[in-house]
Amino acid sequence: MDKVSSFINKNVGDIYLKEPLSKHSSWRIGGPVDVLVEPYTVEQILETLQYADLMKIPTVVIGNGTNLLFSDEGFRGIIIKMGKNFSKYTIKGKRACAEAGIWTPKFAKILSDNGLSGLEHAIGIPGTLGGLVFMNGGSGGKCIGDIVKKIWVIDKNYNLISFSKSECDFSYRKSVFQDSNYIICKIELECETREEENIKFEMRNILDNRKNKFPLNYPNCGSVFLSNPVVNDTFAPPGKLIEEAGLKGYQVGGAQISEKHANFIVNLGNATAKDVISIVQYVRKIVYQRYGLYLESEIKYVGEMGDLKSLHEVGIIE
Ligand SMILES: Cc1cc2nc3c(=O)[nH]c(=O)nc-3n(C[C@H](O)[C@H](O)[C@H](O)COP(=O)(O)OP(=O)(O)OC[C@H]3O[C@@H](n4cnc5c(N)ncnc54)[C@H](O)[C@@H]3O)c2cc1C
């Protein structure tokens, strides 16, 4: 990619060329990206966006890659990774503000150290706060949107604008940011005060519970399918439907439906994106035949040209 040579001398953060995306996905899957940049400031993000626009290079923003499947071919463009370089925070009373790249469990712990409650449910969610807001992630019936006060994003005209909670349009695993190209930069949360000991007790229970339930010994991307199916007017967890369909342990190449939790697909060592996509398509077909509903995935797929879609929308690649 010739266009890159003038980019690498710019002051846009830490730059990596031909970086394997498998290093940036918790599934440990993905070919090389032409350029990966880890910015420190909003100005550096703007500079990257303006350069990419000028040179007509596609960009994709990621956090910790715990809800993403990258193509086996990688990505012919620039990944802007919002991570540890972009993770400053401040706390004033019940208001906590953090940059998007902060590690969610770390921030949950910082809040607990300050006797602030609201993020206990996210102590075991291994991504960035920006990724959590984008996905409106959470656990135990709670989600990050519950305590959001304000979000600052870069819009498509390179302006830093803010969204109030109601403008974020949060619903189950949905936010307004999934329908836009905005880059989430800063998040303000409105917490409650609570005894530090009680917060920590709850967090320890959540972590113990997750350790018992989830197949954390193999690379994975958390729950693959959204927990919203209804069968005979009753909520039917996708893991249960997949298990009842006899698909636990179903394997394609190096990818397998976890023996421990049927809503997880694990990488046994050499899984490809194609293997995972094949499993997702097969599960959808079998569950549809049995229950008459198509499961949808909360995981996002990044194609070779930077197209971002939900994993269930990706066809089998021959
Ligand atoms: C073991 C395990 C357990 C998990 N448990 C849970 C759980 O209990 N609940 C839950 O909700 N999720 C869970 N997840 C999924 C995942 O951790 C969360 O969705 C997480 O919040 C994603 O954050 P991330 O930084 O990894 O985002 P990424 O995976 O990097 O990105 C996810 C999406 O957000 C976009 N994005 C990321 N950062 C930004 C930004 N700053 N601006 C704009 N767009 C951005 C990306 O383009 C992508 O579309 C789990 C994952 C694993 C591996």
Being more than 22 Å from Pro219 (Cβ to Cβ) and open to solvent by less than 20 Å² (accessible area, probe 1.4 Å) is the filter here; which residues of the range 52-84 pass it? Ala52, Ile57, Gly77, Ile78, Ile80
Name every residue in the range 173-199 that is more than 10 Å from the ligand (Cβ to nearest atom), out of contact with any Lys or Arg (no Cβ under 9 Å at 6 or more places or on another chain) and not in a strand (DSSP E or B), in order of residue number. Val176, Asp179, Arg194, Glu195, Glu196, Glu197, Asn198, Ile199
Name the residue that is least open to solvent (accessible area, probe 1.4 Å), counting only residues in the range 260-318 that are closer than 30 Å to Ala52 by Cβ and over 20 Å from the mean Cα position of the chain (by Cα). Gly315
Collect the residues in the range 90-109 that are over 18 Å from the mean Cα position of the chain (by Cα), assigned to a loop (DSSP other than H, G, I, E, B) and surrounded by 22 or more Cβ atoms within 10 Å (Cβ to Cβ), keeping them in residue-number order. none
Look through Ser164, Ser139, Ser112, Ser87 and report the one residue that is of a type in the set (Ser, Thr, Tyr), in contact (Cβ under 8 Å) with a residue 60 or more places away in the chain and open to solvent by 10 Å² or more (accessible area, probe 1.4 Å). Ser139
Filter result for the condition that a residue is under 22 Å from Leu216 (Cα atoms) and among the polar types (S, T, N, Q), over Thr90, Thr128: Thr128
Going through the range 115-134 one residue at a time, which ones are surrounded by fewer than 23 Cβ atoms within 10 Å (Cβ to Cβ) and in a strand (DSSP E or B)? Ser117
For the range 71-123 the number of residues that are within 10 Å of the ligand (Cβ to nearest atom) and under 16 Å from Leu308 (Cβ atoms) is 4
Across (1) touching a residue at least 60 places away in the same chain (Cβ under 8 Å); (2) open to solvent by 30 Å² or more (accessible area, probe 1.4 Å); (3) within 13 Å of the ligand (Cβ to nearest atom); (4) not assigned by TED's automatic domain parsing to the domain that holds Lys165, Asn220 clears everything bar (2)
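The values are calculated or read from the model by the stated rules, or taken from the named source; none is laboratory data. The structure displayed is predicted, hence computed values, not measured ones. We place every Cβ from the backbone using ideal geometry, glycine too, and count neighbours over all the protein chains shown. Ligands, DNA and RNA are stripped out before the accessible areas are found, and what is left, the full protein with its side chains, is counted by its heavy atoms. Shrake-Rupley method; radii C 1.70, N 1.55, O 1.52, S 1.80 Å.
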